[in-house]
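Asks: Below you will find the structure I want to go over with you.
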Amino acid sequence: MEKFTIDILIPTYRPGAETAELLRRLANQVYPVHQLLIVNTEEKYWSPELEKAYPGCQVRHIRREEFDHGGTRDWMAQQSAADILLFMTQDALPADNRLVSRLTAMFADPQVKAAYARQLPRKNCSLLESYTRRFNYPPESAIKSREDLPELGIKTFFCSNVCAAYERKTYMELGGFPERTGFNEDMIYAGHLVEAGYSIAYVAEAQVYHSHNYSGRQQFHRNFDLAVSQAQHPEVFEKYPSEGEGIRLVKETAKYVCKIRKPWLLFPLVWQSGCKYAGYWLGKRYEKLPGWMVKKHF
C-alpha cells in the first residue's frame with residue numbers, strides 16, 4: 001500500500017476515562033501516525049495523565065469562547081504538514097488497530113479526497129438509536145461522487161468528523177471547514193468536495209464505537225443547529241434538502257420496530273421525530289426568530 005503521512009486531530013472538552021481509552025487505542029494502531037494534536041477547551045478540565053495514554057501527543061489549551069466547530073478544526077489543519085488529516089471526536093473508540101490503515105488506504109484512488117468510518121452502537125445504545133446507526137452507517141462500503149446526486153441527494157455529502165480523514169492538499173485548496181459554524185462543518189466541506197468533482201469514501205471496514213441516547217430536548221437543539229448550518233450555506237444544501245431523508249428514516253424505523261414486534265417503541269419514535277422536526281423547522285427560519293431565541297452561530 002502506498003504510504004501517506006497522517007496526523008490525527010482531536011478537539012476535546014472535559015476529557016475523561018473514555019478519551020484516555022481512545023488515546024490508548026490510537027497508540028496501538030498498526031499504521032504509523034506522524035503526529036496526534038489535541039486542542040482542549042478549558043485547561044482546568046485537562047489531566048496530564050491523559051498524555052500518558054499517547055506518549056508524544058501535542059496538546060494546546062484554549063478558552064471556551066475561542067472554540068468553534070469549524071474554526072478550531074481548521075486551525076488544527078493549518079498546523080499539519082501531513083498528507084492526510086484524520087479528525088476524530090473524544091468519544092469515538094476505534095473497534096480495532098486497523099482503523100487508520102483502512103481509512104488511509106482509500107486515498108490510493110486519486111479521486112478520493114475524504115474517507116469516513118462506520119459508527120457502531122455502544123452496548124448501552126437504545127434500540128431506536130441503534131437502528132439509526134445502521135441506517136446511516138450500513139455494512140456496505142461506498143464511494144460517492146457528483147454522479148450519485150440524482151439518486152442519493154444530500155446523502156452524497158454525508159460525512160462525519162466523529163471519524164473522517166481528508167487529503168490535506170485538497171483541503172487547503174478548497175478552503176477547508178468554514179471558520180464560523182456551530183455544527184455540520186464536515187458536510188459543508190464534503191459538499192464543496194463533491195461539487196468540485198471529487199469523491200468521498202464511506203469505509204465500512206473502518207469502525208468506531210460511537211452513539212448517544214439523546215433526549216427529546218437534545219434532539220431539538222441538535223437539529224436546530226443542523227438547520228442553521230444548512231441555511232447559512234445554501235450553496236451546498238439548497239438544491240438537496242434533507243427533509244426527505246429524515247422522513248425515510250422515520251418510516252424505516254417504524255417498519256423495523258413493528259417487524260421485531262415492539263410496537264410500543266413507536267411512541268418514543270414519534271416524540272423524538274417531532275422534536276427533531278421542530279428544531280429543524282425553526283433552525284431553517286432562525287433569521288426570523290427573536291434574538292433571545294437564537295444561539296450565537298456567528
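The values are calculated or read from the model by the stated rules, or taken from the named source; none is laboratory data. Being a predicted model, the structure only gives us computed values, none of them experimental. Cβ placement follows ideal geometry from the backbone for every residue including glycine, while neighbour counts extend to all protein chains displayed. Surface areas here come from the heavy atoms of the whole protein model, side chains and all, with no ligands, DNA or RNA. Shrake-Rupley method; radii C 1.70, N 1.55, O 1.52, S 1.80 Å.
Asks: Just to be sure I understand, how many residues within the range 44-73 are free of Cβ contacts under 8 Å to residues at least 60 places away in the same chain and among the β-branched types (Val, Ile, Thr)?
Replies: Selection size over the range 44-73: 2.
Asks: Would a scan of the range 23-40 turn up a residue that is of a type outside the set (A, V, I, L, M), modelled with pLDDT under 95 and over 24 Å from residue 103 (Cα atoms)?
Replies: No - not one qualifying residue is present in the range 23-40.
Yes/no per residue for (1) of a type outside the set (D, E, K, R); (2) in contact with a strand residue (DSSP E or B) (Cβ under 9 Å, 6 or more places away or on another chain); (3) under 18 Å from residue 168 (Cα atoms):
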| position | (1), (2), (3) |
| --- | --- |
| 18 | no, yes, no |
| 33 | yes, yes, yes |
| 39 | yes, yes, no |
| 54 | yes, yes, no |
| 65 | no, no, no |
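Let's see how each residue does on (1) modelled with pLDDT under 95; (2) under 25 Å from residue 5 (Cβ atoms); (3) among the hydrophobic types (A, V, I, L, M, F, W, C):
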position	(1), (2), (3)
77	no, yes, yes
97	no, yes, no
118	no, yes, no
122	yes, no, no
131	yes, no, no
140	no, no, no
143	no, yes, yes
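Asks: Which members of the range 150-172 meet the condition of being closer than 13 Å to residue 185 by Cα, hydrophobic (A, V, I, L, M, F, W, C) and part of a helix (DSSP H, G or I)?
Replies: Result: 157, single match.
Yes/no matrix, rows are residues, columns are (1) modelled with pLDDT under 90; (2) farther than 18 Å from residue 119 by Cβ; (3) in contact with a Pro (Cβ under 7 Å, 6 or more places away or on another chain); (4) polar (S, T, N, Q):
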site: 173; (1), (2), (3), (4): no, yes, no, no
site: 177; (1), (2), (3), (4): no, yes, no, no
site: 183; (1), (2), (3), (4): yes, no, no, no
site: 188; (1), (2), (3), (4): no, yes, yes, no
site: 199; (1), (2), (3), (4): no, yes, no, yes
site: 210; (1), (2), (3), (4): no, no, no, no
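Asks: When the residues of the range 138-149 are narrowed to those that are in a helix (DSSP H, G or I) and in contact with a helix residue (DSSP H, G or I) (Cβ under 6 Å, 6 or more places away or on another chain), which ends up most open to solvent (accessible area, probe 1.4 Å)?
Replies: Across the range 138-149, the extreme among qualifying residues is 146.
Asks: Give me the residue from the range 100-133 that is among the basic types (Lys, Arg) and under 15 Å from the mean Cα position of the chain (by Cα) and, out of that set, nearest to residue 192 (Cα to Cα).
Replies: Per the criteria, the residue is 118.
Asks: Could I ask something else about it? Cβ contacts < 6 Å: first residue within 11 Å of residue 116 (Cβ to Cβ), restricted to the range 151-169; second residue open to solvent by 20 Å² or more (accessible area, probe 1.4 Å) and not in a helix (DSSP H, G or I), any location; separation 6+ or different chain. Result?
Replies: 162/89
Asks: Does residue 156 satisfy the criteria of being farther than 22 Å from residue 3 by Cβ, of a type outside the set (Gly, Ala, Ser), at pLDDT below 95 and surrounded by 21 or more Cβ atoms within 10 Å (Cβ to Cβ)?
Replies: When the stated conditions are applied, residue 156 passes them.
Asks: Starting from the range 251-273, keep only residues that are closer than 16 Å to residue 136 by Cβ and acidic (Asp, Glu), then list their pairs with residues that are part of a helix (DSSP H, G or I) and open to solvent by less than 60 Å² (accessible area, probe 1.4 Å) whose Cβ atoms are within a distance under 7 Å, requiring at least 6 positions of separation or different chains.
Replies: The qualifying pairs are 252/135.
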